[in-house]
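Engineer: Before we start, here is the structure in question, set down as structure tokens.
The values are calculated or read from the model by the stated rules, or taken from the named source; none is laboratory data. What you see is a predicted model, and the numbers here were worked out from it, not measured in a lab. We place every Cβ from the backbone using ideal geometry, glycine too, and count neighbours over all the protein chains shown. Ligands, DNA and RNA are excluded from the accessible area calculation, which covers all protein heavy atoms including side chains. Shrake-Rupley method; radii C 1.70, N 1.55, O 1.52, S 1.80 Å.
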Amino acid sequence: MCDEDVPADDQLRRSFTSLWEQLAPIGRAPSGGYRRFSWTPADLELREWFTAQAAARGMSCERDRNGNLWAWDGEPGPGAVVTGSHLDSVPDGGAFDGPLGVVSGFLAVDLLRARGVVRSRPLAVVDFADEEGARFGVACIGSKLLTGALDPDRARSLRDEDGTTLAEAMQRAGADPALLGRDDAALARIGTFVELHVEQGRGLVDTGQPVGVATAIWPHGRWRLSFRGEANHAGTTRLADRHDPALPFAATVLAARELAARAGAVATVGRVQVTPNGTNAVPSLVEAWLDARAPDEATLSAVVEQVTSAADRAAGEHGVRLDVVAESATPVVGFDSALQDRLARVLREPPRLPTGAGHDAGILAEAVPTAMLFVRNPTGVSHSPAEHAETDDCVAGVEALAAVLADLVRG
């Protein structure tokens, strides 16, 4: 059977499956998840894939000064409709978080061409650099640098666990870190940004619909808590003589869970480093990273203050010093209401729902009209190898994105 004889839905399904299978091996970890960290060999392979997809469609491809990749359908210009997401992952993350939006962007371009949509605005697909912050500890680096939300000197000095700075990693990958910073020329070309993303929760499952429109992103942030104690011998040091930073750390993890539950927020300690990290040694230092999110900024501030106060009290009880550093903080993001309404009309009033997950769309929302589409996640699991979306739902997401883009590019 020739392609022209294949029903359109089947052809789109085949196209999606083909692109998805191309991406599947890149950065795959033994866990079954992915380790696609910024400026690593896996990231460079993903960038090559993106460039190849652009070339296969005759789209021009460029890397901006902050490492973001742009594929243009036609000539770049002001007022463009832009879609896309990111290709990097959290440690052992799932396949869909980020890549689904990039794959869907290219396939939506294919649909617009096949349907002969006449554009009055430029169209682009973007891959934002280092959205997850898995390597250097700050999320949405590419979009934050683009918009000026992240100081370029701070960005260049960020270090990974091996001590490599972002500047050094970029140089090794052939990029120039001296160019990092707000990019007004790139921003001026974005008229509207629409990001499609797998839902990282169960909101759509409860509605029975495959696609929804985002209303807002909860305020969220990351705080580094350093518990500084005294190293000693695990076998000869009396319990009463210890200054063990692991004890106030443990108390803080429990306090974070309890305080967040009371406030209707979420708080997680998902990363910890222990020094000297010896089985038979009382540690001298425990560094822990608190991730906290809430429906509003007042609640978030209250929860973080209560958690750090509890940590300070616990540290004092064990003769341990506590230092707290706010590494990032993102206020509540309400997506453009007029754009939300427009998407809802085009898609015949799909469900609307907020999210507690951060996205590049949330960063761009401060600078340009921005919207998000979510694709149903049957389990609600994300940032895990178990993250999933059914192929039929992914195809429905591509169709929805194409419908939205067709409406926007017409003017």
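Engineer: Farthest toward the dipole's positive end in the chain, which of Q306, V375, A134, given Cβ charges of +1 (Lys, Arg) and -1 (Asp, Glu) about the Cα centre?
Structural biologist: Toward the positive end, the furthest listed residue is Q306.
Engineer: Here is a further query. Taking a probe of 1.4 angstrom, what is the accessible area of E390 in Å², to the nearest 10?
Structural biologist: E390 has an accessible surface of roughly 90 Å² with all protein chains in place.
Engineer: Report, to two decimal places, the Cα Rg of the chain normalised by 2.2 N^0.38 Å (N = number of residues).
Structural biologist: 1.05
Engineer: Would you mind working out the accessible area per residue for segment 219-260, using a 1.4 Å probe, and quoting it in Å²?
Structural biologist: 53 Å²
Engineer: Please work out how much accessible surface T236 shows to a 1.4 Å probe, ignoring ligands, DNA and RNA, in Å² rounded to 10.
Structural biologist: 110 Å²
Engineer: How high is the FRET efficiency between R202 and Q171 when r is their beta carbon distance and R₀ equals 30 Å, given to the nearest 0.05?
Structural biologist: With a Förster radius of 30 Å, E is 0.10.
Engineer: If you don't mind, there's one more thing I want to ask. Summing Lys, Arg as +1 and Asp, Glu as -1, what charge do residues with Cβ under 9 Å from the Cβ of T147 carry, T147 excluded? All intermediate terms of the calculation are to be shown ahead of the outcome.
Structural biologist: Working: positive: K144, R182; negative: D183, E366.
So the surrounding residues net to 0.
Engineer: Right, another one. Can you check how the C-alpha radius of gyration of segment 166-239 compares to 2.2 N^0.38 Å, as a plain ratio?
Structural biologist: Computed over Cα atoms of segment 166-239, the ratio equals 2.09.
Engineer: What length, rounded to one decimal in nm, is gained on full extension from V117 through to R63, with 0.36 nm per residue of separation minus their alpha-carbon distance?
Structural biologist: That works out to 16.7 nm of additional length.
Engineer: Heavy atoms of the protein only, probe of 1.4 Å, neighbouring chains included. What is the accessible area of M59 in Å², nearest 10?
Structural biologist: Near enough 10 Å² of accessible area.
Engineer: With every protein chain kept in the model, how would you rank E75, E131 by accessible area, 1.4 Å probe, largest at the top?
Structural biologist: Values: E75 150, E131 5 Å².
Accessible-area ranking of E75, E131, largest first: E75, E131.
Engineer: Under the 0.36 nm per residue contour assumption, what length would be gained going from the current alpha-carbon distance of A8 and L239 to full extension?
Structural biologist: Values: separation 231, 0.36 × 231 = 83.16 nm, distance 7.05 nm.
Gain on extension, A8 to L239, equals 76.1 nm.
Engineer: Along its principal axes, what span do the Cα atoms of segment 252-411 show, with the longest given first and each in whole Å?
Structural biologist: 65, 33, 27
Engineer: Which whole-number value in Å² is the accessible area per residue of segment 58-112, probe 1.4 Å?
Structural biologist: 22 Å²
Engineer: Follow-up question, since we're still on this one. Considering the options V198, L123, P295, tell which one lies farthest towards the positive end of the dipole of the chain, charges being +1 on Lys and Arg and -1 on Asp and Glu at the Cβ, about the Cα centre.
Structural biologist: The Cα lying farthest towards the positive end belongs to P295.
Engineer: Between segment 352-392 and segment 115-169, how many Å separate their Cα centres?
Structural biologist: Each part reduced to its Cα centre gives a spacing of 17 Å.
Engineer: Under a point spin-label approximation (7 Å from Cα along Cα-to-Cβ), what is the T391-S337 distance to one decimal in nm?
Structural biologist: Spacing of the two 7 Å Cα→Cβ label points: 4.2 nm.
Engineer: At 1.4 Å probe size, with every protein chain present, just tell me what the per residue accessible area of segment 365-411 comes to in Å².
Structural biologist: For segment 365-411, the per-residue accessible area is 33 Å².
Engineer: Got the relative contact order for the chain handy, in percent, Cα pairs under 8 Å and 6 or more residues apart?
Structural biologist: Relative contact order here is 22 percent.
Engineer: Then there is this: Please report the carbon-and-sulfur percent of the accessible area for segment 223-358; probe 1.4 Å, protein heavy atoms only, DNA, RNA and ligands left out.
Structural biologist: Numbers: 3640 of 7210 Å².
About 50 percent, which is the carbon plus sulfur part of the accessible surface.
Engineer: Moving on to the next point. How far apart, in nm, are two points set 7 Å out from the Cα along the Cα-to-Cβ line at S301 and at Q273?
Structural biologist: Those two pseudo-labels are separated by 3.0 nm.
Engineer: May I pose another question? Taking the convex hull of the alpha carbon atoms in segment 27-167, what volume per residue do you get, in Å³?
Structural biologist: It is 106 Å³ per residue.
Engineer: Shifting gears a bit: Return the calculated 222 nm mean residue ellipticity for the chain, to the nearest 500 deg cm²/dmol, obtained by summing -39500 (n - 2.57) across DSSP H runs with n ≥ 4 and dividing by the residue count.
Structural biologist: That comes out to -11500 deg cm²/dmol.
Engineer: Could you calculate the contour length gain from L187 to E327, that is, 0.36 nm times the residue separation minus the distance between their Cα atoms, to one decimal place in nm?
Structural biologist: Numbers: separation 140, 0.36 × 140 = 50.40 nm, distance 2.51 nm.
Gain on extension, L187 to E327, equals 47.9 nm.
Engineer: Count the net charge of all other residues whose Cβ sits under 12 Å from the Cβ of V303, scoring Lys and Arg as +1 and Asp and Glu as -1.
Structural biologist: Working: positive: R257, R262, R293; negative: E258, D291, D296, E297, E305.
Surrounding charge for V303 is -2.
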